[in-house]
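Here is the structure we will look at, set down as structure tokens.
Quick note: the coordinates plus some simple rules give every number you see, no bench work behind them. All values derive from a computational prediction rather than experimental measurement. Here Cβ is always computed from backbone atoms with ideal geometry, including for glycine, and neighbour counts include all displayed protein chains.
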Amino acid sequence: MYSKAQTAQLKQEFWTIFGQYIAPQLSADGLKINWVNYKTGFKHLHFRMQADQREAVIAIEMAHPDPGIQELMMEQFRTFSKLLAASTGDVWEWQLHHTDEYGKTVSLISQTLTGVSVLNKADWPALISFFKPRITALDEFWSSAQYSFELFRQG
């Protein structure tokens, strides 16, 4: 069992190592970006990577405070579901109006890797192998799809 400080330190160490590992990778548009804190350019729309003691999750998170706007965003993503699948080579889980760990209603398009722990350094290669191709594929997808989301830019 790890203390809160040890847990926080291991998580920070993992994300630092992951960030250093992926830093040389340019975006689909040929730009140098911060992969760990990926910016979509849209308020309330995030690409999230999370890892804890049991699993790793990568997600497109729609966090607009209006559930109706979240639903519209989800519908817009559904129109691009084939492009998302083609870019990533994966099937994604779609969750409309999910309650996150803070009690906030968000909508998610996600993938989960179970049976790994960010606290176990032996799992870090599996975590990196899970996150890297998916975040770069999301970037490739977003490079093409983002222009169809302009109506959500201010919201």
Problem - In nm, spacing of pseudo-spin labels at residue 50 and residue 148 (7 Å Cα→C-beta vector) - result: 2.7 nm
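Report the local net charge at residue 25: Lys and Arg +1, Asp and Glu -1, summed over other residues whose C-beta lies under 10 Å from its C-beta.
+1
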Handout entry: Relative contact order, percent, the chain [alpha-carbon distance under 8 Å, six or more residues apart]
Key = 27 percent
Practice task
Rank 152, 72, 122 by how far each Cα sits towards the positive end of the charge dipole of segment 71-155 (+1 on Lys, Arg Cβ; -1 on Asp, Glu Cβ) and give me just the farthest.
Solution key: 122
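Please work out the FRET efficiency for the pair residue 79 and residue 11, using the Cβ-Cβ distance as r and a Förster radius of 41 Å; give the result to the nearest 0.05.
It comes to 0.70.
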Practice task
Please order 149, 141 by the number of other Cβ within 10 Å, starting at the fewest.
Solution key: 149, 141
Completion exercise
Using the Kirkwood formula on alpha carbons, the hydrodynamic radius of segment 66-117 in angstrom works out to 12.3 Å
Exercise for the section: Based solely on C-alpha atoms, express the radius of gyration and the Dmax of segment 1-86 in angstrom. Expected result: 16.0, 45
Problem - Extension reserve of the residue 23-residue 37 stretch, reckoned as 0.36 nm per residue once the Cα distance is removed - result: 3.9 nm
Exercise for the section: State, to one decimal in nm², a quarter of the convex hull surface area for the C-alpha atoms of the chain, i.e. the direction-averaged projected area. Expected result: 9.4 nm²
Handout entry: Total charge dipole magnitude, the chain, about the Cα centre, Cβ charges on Lys, Arg, Asp, Glu only, Debye to nearest 20
Key = 340 debye
